[in-house]
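No value in this document is a laboratory result; all are computed from the given coordinates. The structure presented is a predicted model; accordingly, all values stated were derived computationally and were not measured. As a convention, Cβ positions derive from the backbone with ideal geometry for all residues, glycine included, and neighbour counts pool all protein chains shown.
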Amino acid sequence: MDLCIEKGIGTIVDDGLLIHKNHAVAGKSAKRAETKIGAVKTALFTEDEHANLVRDKIKELGDEIDQVLVIGTSDKMVDKIVDRLGLPQVEERIYIEDITTEEERKTASKQREVMGKHVIPASTFEIKRNFAGYFVDPLQIFRDVADRALDLAPSDERTVVRPTFSYLGKYYISDKVIEDIIQCVADFNKKDVTVLKVTENSKPDDMIINLTISCAANGDVMGTALKLQEDVKKNVEMMTAFNLSEVNVEVKEVVFR
């Protein structure tokens, strides 16, 4: 965010999350709430457990935090968040009208109210772990992937998501799609590995994939299996926004090719 760069702010409190140096380090996103009322409660840290976790993380970070930007829709909301998190009194208030044009505000409102899109001030690959199985703007994902592949810094550390309460957010991916992704990954090593069987538990927040493969005897069987395991995890998470807790690879056959 330009404002954070201009003022040297490295820590943000926004919609229930504590974001420090572009990493979501504590809290839970209000965008995961099932209703708008639930989202407001989360954003205000009304649950003691939620508020205490963020408080503890702020204490843990200690001197690493110089300034905190608390984002809210009103002075009253910001003051409540500051109080719930035990932060010092607000020293400066910056209003949206001070840093945006009327046209920009109209565009942002349309994105939220009509298209159901909400912005979180953190990178896609950081924030997606709070949104396993939810729509994360695919253009942002692949743009971020391309930047990282070229060893470039992402141009804009923001992520577009569609929360549940927008009625546009939840999506489902069939088992066949997961299998096709894995097969495409394996196809990059056609001479070394063949996928014989794929099973998975279809849990977006805690997916486990089991692979049964055939490997070429004239290659590095263990190295091939480990490389496939790594590539499957990276690509399935990238293309689906699911969280893989395990990728288990069983070498059933070793054949000469």
Which of the GluC sites (Glu not before Pro) found in the range 1-53 are loop residues per DSSP with 16 or fewer other Cβ atoms within 10 Å of their Cβ?
34, 47
Please work out how much length the chain gains when fully extended from residue 106 to residue 254, using 0.36 nm per residue of separation minus the C-alpha to C-alpha distance, in nm with one decimal.
47.2 nm
Computed lengthening from residue 52 to residue 91, 0.36 nm per intervening residue step minus Cα-Cα distance
11.8 nm
Quote to one decimal, in nm, the extra length available between residue 226 and residue 22 on full extension: 0.36 nm per residue of separation minus the C-alpha distance between them.
70.4 nm
Over the alpha carbons of the range 1-105, what is the largest minus smallest coordinate on each principal axis, giving the biggest first in Å?
38, 36, 24
Hey, which of these cross-link pairs are over 29 Å Cα-Cα: 76/203; 59/227; 80/234; 176/234; 36/80?
76/203; 59/227; 80/234
Approximate spin-label separation residue 184-residue 5, in nm, with each point projected 7 Å along Cα-to-Cβ
3.2
Could you check the simple spin-label distance between residue 202 and residue 177, using points 7 Å along Cα→Cβ, in nm with one decimal?
1.3
